[in-house]
Amino acid sequence: MRPTHRGTIFLEDAAVLSHDEFPGRQFILKLQAPQCAQHATPGSFVHLSCDAALPMRRPLPILRADRSRGSIEVLYTVVGGGLELLSQQRAGARISTLGPIGRGFAAHAQRPRALLLGDGDGIPSMVFLSETLTSTSPESTSPNSTSTNSTSTGEPADAKWQPLVLMGSEIPFPFRTRPSTILVQGMPDGVIACMPLLEEWGIPSRLSSMADFPGCFDGCVTDLAAAWLGTLDAAALQEVEIFACGPTPMLKATAALARRFQVPCQVSLEEFMACADGGCAGCAVRVQTPSGPAMKRVCVDGPVFDAASVFAE
């Protein structure tokens, strides 16, 4: 059987359009990569060549994809020599780009209250998913789908996603935070810091950190999520679905949170990758399937999985 990811991953000699640095050695890299931009979905990533002298590529989550302009953006924090070399690339340079790679998030119409949790390097995927939700409706089967069959969902024609984005970081956020003007019922007092870009899209967001940043929740992003979920009644919880990306401990905590409140949850896993196209299987993880435990490759079978299938009680 032909692998489903064949024919959907593209190798491009991408031009660097811009490369901006933010506090904490964080960078947003914008690339001209039309094929990747056309096919990218929230949760997918690219495998970049950091420097001609470095043979191994680095997997980076896609922050935004502009299909009309053929560009993608990635957000990363410099950790290690490879990303240090990547950070030195300037506008006009060419970077070998392999992507988009991976199975992304899929929101469900019967769960319009999308709770998005991004921690650290998990923030980009949540921004991409947020932007996608603003341009689709629950009438579609998912943000990744091209189908617009509204009769299958039973949703009214004017139905809209109701996302809430919670982000956590222990280093300065890669954007200038500001107090939100969007009221979020159930938020703890004083938690008002938001991401301005999401605010412009009309999407409520709140931030958490244990670094004492103004307006942020003092604690883990999952603790903030628990505080908000705890204010919802049974009917509202029936409309919630959680989407999360971040380090493994945070994802484990998110899976436990989903079990506690009995809501579905999708998580995007972080693993070291060599080939990133399914050939080496070095990123395989144990996943529970209907037929029993199985080893799945994070790069092409994921990185998005059902939380309950990866993190058992």
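Annotations
- Evaluation of D20 against (1) free of Cβ contacts under 8 Å to residues at least 24 places away in the same chain; (2) under 28 Å from W161 (Cβ atoms); (3) in contact with a strand residue (DSSP E or B) (Cβ under 7 Å, 6 or more places away or on another chain) (one fails), failing number: (2)
- Within the stretch 233-258, being charged (D, E, K, R) and under 16 Å from R111 (Cβ atoms) holds for D233, E239, E241.
- Subset of the stretch 14-61 [surrounded by fewer than 23 Cβ atoms within 10 Å (Cβ to Cβ), among the β-branched types (V, I, T) and closer than 30 Å to F213 by Cβ]: I28
- Qualifying residue in the stretch 77-86 (condition: out of contact with any Pro (no Cβ under 7 Å at 6 or more places or on another chain), assigned to a loop (DSSP other than H, G, I, E, B) and touching a residue at least 40 places away in the same chain (Cβ under 8 Å)): yes
- Lone unmet requirement of (1) of a type outside the set (A, V, I, L, M); (2) farther than 21 Å from T136 by Cα; (3) touching a residue at least 60 places away in the same chain (Cβ under 8 Å); (4) surrounded by fewer than 23 Cβ atoms within 10 Å (Cβ to Cβ) for R64: (2)
- Residue ID - surrounded by the most Cβ atoms within 10 Å (Cβ to Cβ), chosen from residues in the stretch 265-297 that are in contact (Cβ under 8 Å) with a residue 40 or more places away in the chain and within 17 Å of the chain's Cα centre (by Cα): V267
- Among residues of the stretch 48-61, those that are under 16 Å from D277 (Cα atoms) and either under 16 Å from the mean Cα position of the chain (by Cα) or among the acidic types (D, E) (or both), counted: 3
- Helices (runs of 4 or more DSSP H) lying entirely in the stretch 181-253 (those with 3 or more residues that are farther than 22 Å from S125 by Cβ and without any contact (Cβ under 8 Å) to a residue 40 or more places away in the chain): 234-237
- Residues within the stretch 87-110 that are in contact with a Ser or Thr (Cβ under 9 Å, 6 or more places away or on another chain) and assigned to a strand (DSSP E or B), tallied: 8
- Leading residue by the ranking (surrounded by the fewest Cβ atoms within 10 Å (Cβ to Cβ)) among those in the stretch 67-76 that are among the small types (G, A, S) and touching a residue at least 12 places away in the same chain (Cβ under 8 Å): G70
- From the list A234, A226, the lone residue that is among the aliphatic types (A, V, I, L, M), out of contact with any His (no Cβ under 6 Å at 6 or more places or on another chain) and farther than 19 Å from V165 by Cβ is A234.
- Test: residue in the stretch 50-57 that is touching a residue at least 40 places away in the same chain (Cβ under 8 Å), of a type in the set (A, V, I, L, M, F, W, C) and either at positive phi or in a strand (DSSP E or B) (or both): no
- The set of residues in the stretch 257-288 being on the phi > 0 side of the Ramachandran plot and not polar (S, T, N, Q) consists of A276, G278, A281.
- Output for the stretch 221-243, where each listed residue is of a type in the set (S, T, N, Q) and surrounded by 14 or more Cβ atoms within 10 Å (Cβ to Cβ): T222
FYI, it's all coordinate maths here, none of it is from the lab. All of these numbers come straight from a predicted model, not from anything done at the bench. Don't worry about glycine lacking a Cβ; one is built from the backbone with ideal geometry, like all the others, and counts go over all protein chains shown.
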